[in-house]
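Have a look at the structure below before the remarks.
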Amino acid sequence: KEQFEWWRTATIYQIYPKSFCDSGSQGTGDIQGIISKLDYLNTLGVDAIWLTPVYCSPMVDNGYDISDYYNINPDFGTMADFDHLLEEAHQRDIRIVMDIVVNHTSTEHAWFKSALGDKNSPYRDYYIWKDPVEGQEPNNWQSKFGGNAWELDEATGQYYLHLFAKEQADLNWENPKVREEVKDIISFWAEKGVDGFRLDVINLISKQQDFPSDDIGDGRRFYTDGPRVHEYLQEISEAVFQKYGSVTVGEMSSTTLEHCQQYSSLDGKELSMVFNFHHLKVDYPNGDKWTKAPFDFHQLKQIFNHWQLGLNAKGWGALFWCNHDQPRVVSRLGNDQQYRVESAKMLAASVHMMQGTPYVYQGEEIGMTNPGYTSIEQYRDVESTNMYDIMVNEQGVSEDDMLAILAQKSRDNSRTPMQWNDSQYAGFSKGQPWLEVAANYPEINADKAVADENSVFHFYRKLIAMRKEIEVITTGDYTDLMPEGDRVFCYKRESESQILVCINNYYGEVAECFLPQEIEAEKGEYVLSNYGEVMEQTPSNCFALRPYETRILLIN
Ligand code: TEU
């Protein structure tokens, strides 16, 4: 088992290919573009790349609607390009993690095209069909992208389930043939030499089979961490992941700690690790994403504490702020103006020093911000445009209010083209990009960041290197040292031989930090901070933190 566990000291870099780098002028990124940036990623020091879907897809949800699992979307390149990427990455000791989307397929997939309109199709039972109830949808479950989760198949009079867009039909995992197909798909990529898999909304695959209406919610309690999910994961893991030694990370929507302990349990029977999103709902008042709201700092700390303590010695979690579904963290929890550099570094340190495997999403390492779009025409994301229609046209929310909400919450905030340099289109493409580049690219770009040793980029590079050099970061227990602090998030990591304290001011004002007496600060040294000037020569237990200051204290 040991030999597979490189990922416990690793950092994984997420690439959203459509927005990463275009080798030509079509305005969408491609695989050749990724290859051209491998040296940049090597400088950053990441161990693996998680590639969001590059398979054939009509791109209704940018590749999360797959129409052919065995081929590369021509917009991104060819299978030869993919093989070349794998080879070039491996030469640099960078592993490749592929995204596997098997809760649903595109309605353009051959299986669905055969199943639609034909109750006798051999693929009919690959999907979930139900008769109408009193002439209406079979139940009141809601799509995650808005509206009812059932769509009518006119020819047969039955509905199919889609937890996401109506072009993403949910697969019927109760059917053993579906599970065999999934094993074949993943094995195909593992055989090619792919090192691991990120499993999209994998905790939604097992639906409660009586499909009840939900009188208190949107239906998620009937399919989230559902009745047979652990059984299914164990089956796939035994047949594929354990056989190939693949690293796996499950994307767990609205999950619980108890389930995640089992998904990522140390016996390796299910997955290597889990993504959960509870810490990214601290700006969803009463669970509602679609409002403009500040974040709840105490709740954020409580969630980190709950998960750090709960997974310790039981499972393993992914550490992250950003992905292609989340707004940019520096705009969300930091300050993307006056303290952009300071707050981006502070936020980075505060998750990178926890237990787990950190993920860095493209552009995060240079402190990219939300673009601040002001018109609905600028948005492309299916969730954003759906919610705009529902809230403005059906619920009567004013256009200005909705635009303000989207500017804070839209998934497109993180999907703007990667800012490589200060030339036209930020050096992302020679042609007009599919989504507008953020206007701040002349200031915020990779070329500038690499050239400046005090940049956010070099701070990430140091954090990634520290994880390899300082054992306590991987192994240490976790304790929140200032749970009551109104501005400071300060935690301790402790192993048999080392103590590390990560001290973070989450606000733009000065904040006091008090370390408990048992921490012998004066015996330690500061190994990293985000303010140039050295702090007091001998660390002490009480001191003031500057705006968004972070300090990492190591006591050997
Ligand atoms: O996302 C799953 C998911 O539930 C979200 O993070 C989702 O985007 C959010 O709830 C919307 O508010 C995954 C992918 O990461 C996402 O890009 C896909 O759209 C989705 O699955 C469907 O495949």
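The values are calculated or read from the model by the stated rules, or taken from the named source; none is laboratory data. If you're wondering where the values come from, they're calculated on a predicted model, not measured in any experiment. We place every Cβ from the backbone using ideal geometry, glycine too, and count neighbours over all the protein chains shown.
Some points to look at:
Each row is one residue, and each column tells you yes or no for (1) closer than 26 Å to GLY431 by Cα; (2) in contact with a Pro (Cβ under 7 Å, 6 or more places away or on another chain); (3) aromatic (Phe, Trp, Tyr); (4) outside the structural domain of SER272 (by TED's automatic domain parsing).
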{"site": "TYR13", "(1), (2), (3), (4)": "yes, no, yes, no"}
{"site": "PHE20", "(1), (2), (3), (4)": "yes, no, yes, no"}
{"site": "LYS37", "(1), (2), (3), (4)": "yes, no, no, no"}
{"site": "TYR40", "(1), (2), (3), (4)": "yes, no, yes, no"}
{"site": "THR43", "(1), (2), (3), (4)": "no, no, no, no"}
{"site": "PRO53", "(1), (2), (3), (4)": "yes, no, no, no"}
{"site": "ILE72", "(1), (2), (3), (4)": "yes, no, no, no"}
{"site": "LEU86", "(1), (2), (3), (4)": "no, no, no, no"}
{"site": "TYR126", "(1), (2), (3), (4)": "no, no, yes, yes"}
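- Selection from region 365-388 of residues that are more than 15 Å from the ligand (Cβ to nearest atom), surrounded by fewer than 21 Cβ atoms within 10 Å (Cβ to Cβ) and touching a residue at least 24 places away in the same chain (Cβ under 8 Å): GLY372, TYR373, THR374, SER375, ILE376, GLN378
- Entirely in region 150-234, the strands (runs of 3 or more DSSP E) that have 2 or more residues that are away from the ligand (no atom under 16 Å from the Cβ), without any contact (Cβ under 8 Å) to a residue 40 or more places away in the chain and more than 30 Å from ILE94 (Cβ to Cβ): 150-153, 158-161
- ASP83 vs. criteria closer than 20 Å to SER213 by Cβ, acidic (Asp, Glu) and away from the ligand (no atom under 15 Å from the Cβ): no
- Selection status of SER143, within 16 Å of the ligand (Cβ to nearest atom) and either in contact with a Leu (Cβ under 7 Å, 6 or more places away or on another chain) or small (Gly, Ala, Ser) (or both): yes
Let's see how each residue does on (1) of a type in the set (A, V, I, L, M, F, W, C); (2) modelled with pLDDT under 95; (3) more than 18 Å from ILE15 (Cβ to Cβ); (4) surrounded by fewer than 21 Cβ atoms within 10 Å (Cβ to Cβ):
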site	(1), (2), (3), (4)
MET418	yes, no, no, no
GLN424	no, no, yes, yes
SER429	no, no, no, no
GLU436	no, no, yes, yes
TYR441	no, no, yes, no
ASN445	no, no, no, no
ALA451	yes, no, yes, yes
GLU469	no, no, yes, yes
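- When region 148-191 is filtered for residues that are among the hydroxyl-bearing types (Ser, Thr, Tyr) and in the same structural domain as PRO227 (by TED's automatic domain parsing), only SER187 remains.
- Checked against (1) more than 13 Å from the ligand (Cβ to nearest atom); (2) surrounded by 19 or more Cβ atoms within 10 Å (Cβ to Cβ); (3) more than 30 Å from TYR388 (Cβ to Cβ), GLY250 passes all but a single condition, namely (1).
- Some residue of region 331-343 being basic (Lys, Arg) and away from the ligand (no atom under 15 Å from the Cβ): yes
- Residue within region 56-70 that is polar (S, T, N, Q), on the phi > 0 side of the Ramachandran plot and within 16 Å of the chain's Cα centre (by Cα) present: yes
- Positions within region 86-104 being more than 16 Å from the ligand (Cβ to nearest atom) and surrounded by 15 or more Cβ atoms within 10 Å (Cβ to Cβ), in sequence order: LEU86, GLU88, ALA89, ILE94, ARG95, ILE96
- Within region 48-69, residues that are more than 14 Å from the ligand (Cβ to nearest atom) have Cβ atoms under 7 Å from residues that are among the basic types (Lys, Arg) and part of a strand (DSSP E or B) in these pairs: ALA48/ARG95, counting only partners at least 6 apart in sequence or on another chain.
- Listed here are the helices (runs of 4 or more DSSP H) enclosed by region 252-354 that have at least 2 residues being small (Gly, Ala, Ser): 340-352.
- Any hit, region 112-135, residues being within 16 Å of the ligand (Cβ to nearest atom), assigned to a loop (DSSP other than H, G, I, E, B) and over 23 Å from ARG228 (Cβ atoms): no
- For SER343, the conditions (1) farther than 30 Å from PRO53 by Cβ; (2) surrounded by fewer than 24 Cβ atoms within 10 Å (Cβ to Cβ) all hold with the exception of (2).
- Residue in region 179-197 that is closer than 25 Å to VAL382 by Cα and crowded, with 21+ Cβ neighbours inside 10 Å present: yes
- Of MET402, MET391, all but one fail to be without any contact (Cβ under 8 Å) to a residue 40 or more places away in the chain and within 16 Å of the ligand (Cβ to nearest atom); the exception is MET402.
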